[in-house]
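Bear in mind these aren't lab numbers, they're just calculated from the coordinates by the rules spelled out. Since we're looking at a predicted model, the values are computed, not measured. Reconstructed Cβ throughout: ideal geometry from the backbone, glycine too, with neighbour counts over all protein chains shown.
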Amino acid sequence: MINMKFVLHTYRRCPFCIRVRVLMYVKGFEYEVIEEPMRKWTGWMQGWAEENGERARVPVLRYVGKDGVEHILPESRDINMFLDSLGDRGSEFTPETGSESFVAMEEWITWHDDEMKPALDTYKYGENLQFDIEKNVGHTKELGTYLQKLEERLKEHSYLVDDRLTLADIAIIPFIRQIMRTREGEFDFTDFPKVLAWANAMIETDWFKGEVMKKYPLAEVGT
């Protein structure tokens with residue numbers, strides 16, 4: 001049993017936050033939600049960022065450990081690795097540390113965050129946040145090359161690693177959802193049916209729609 005109080009500073013539509021909320025749900029953890037007013041922030045977030053020389057951002061997980069001290073984790077990747085180490089069944093979604101599967105999981109997440117995510121941002125927002133419909137043709141094609149890599153993997157496997165759900169799938173699927181919802185779903189997934197089915201197997205569930213994407217009122221700015 002987990003005897004910790006978790007507080008998650010989150011934002012409903014943020015894919016990095018969705019990563020954490022998915023894992024919190026599948027692990028069965030209860031937690032308090034603080035829905036941050038993005039780019040304005042609560043007083044706690046402003047104070048934490050200033051005190052630690054950090055930039056305000058979500059997700060941030062706060063919890064009191066066995067030492068009685070409040071700990072703060074600010075990165076979705078670190079948060080999920082920590083959370084998956086907890087619970088009666090241990091690391092359910094993380095292969096054994098140092099194994100080939102563990103390395104593969106890490107590589108998929110790094111590939112997404114360092115390579116695919118920037119391409120997605122350019123597709124969604126344009127270069128330097130200036131959307132250009134003509135340039136977007138090329139941006140769409142570039143994003144498709146990343147989806148093709150996922151498609152090829154999913155032709156032979158149900159998931160990215162070990163044919164079971166791991167932190168790699170949990171890390172990337174929220175961003176596939178973001179692509180689906182950009183400009184009312186204009187991206188054409190015809191060439192990527194495996195990617196679409198893989199993502200929908202999570203995001204079309206009742207628990208994802210009802211629990212992971214549950215709406216909370218925004219916390220007050222500066223409180």
Neighbour net charge for Asn136 - beta-carbon separation under 15 angstrom, K R +1, D E -1: -4
Stokes-Einstein D (µm²/s) once Rh is taken as the Kirkwood radius of the chain over alpha-carbon pairs, at 10 °C in 1.306 mPa s: 85 µm²/s
Mean separation of Cα contacts under 8 Å, 6 or more apart, over the residue count of the chain: relative contact order %: 27 percent
Spin-label pair Asp114/Arg183, simplified geometry with 7 Å Cα→Cβ offset, distance in nm: 3.0 nm
Loop GluC sites (Glu not before Pro), the stretch 123-201, which have at most 15 other Cβ atoms in a 10 Å radius of their Cβ (DSSP): Glu134, Glu186
Candidate lysines for bridging to Lys135, where Cα separation is under 17 Å - those fewer than 8 sequence places away on the same chain excluded: Lys124
Estimated translational D of the stretch 100-205 in µm²/s (Stokes, Kirkwood radius over Cα pairs; 10 °C; 1.306 mPa s): 112 µm²/s
The stretch 100-205, relative contact order in percent, only Cα pairs under 8 angstrom and at least six apart counted: 29 percent
Considering only the chain, percent of DSSP beta bridges that pair antiparallel, nearest 5: 60 percent
Residue-averaged [θ]222 nm for the chain, counting only DSSP H segments that reach four residues, each worth -39500 (n - 2.57): -14000 deg cm²/dmol
Amide proton proximity set for Leu218, modelled H, under 5 Å, gap of 5+: none
Debye, to nearest 20: dipole size of the chain, +1 on Lys, Arg Cβ, -1 on Asp, Glu Cβ: 680 debye
Label-point separation in nm, Tyr159 to Glu92, each point 7 Å along Cα→Cβ: 1.1 nm
The chain: most fluctuating residue of Pro118, Pro74, Pro95 per GNM, C-alpha cutoff 10 Å: Pro118
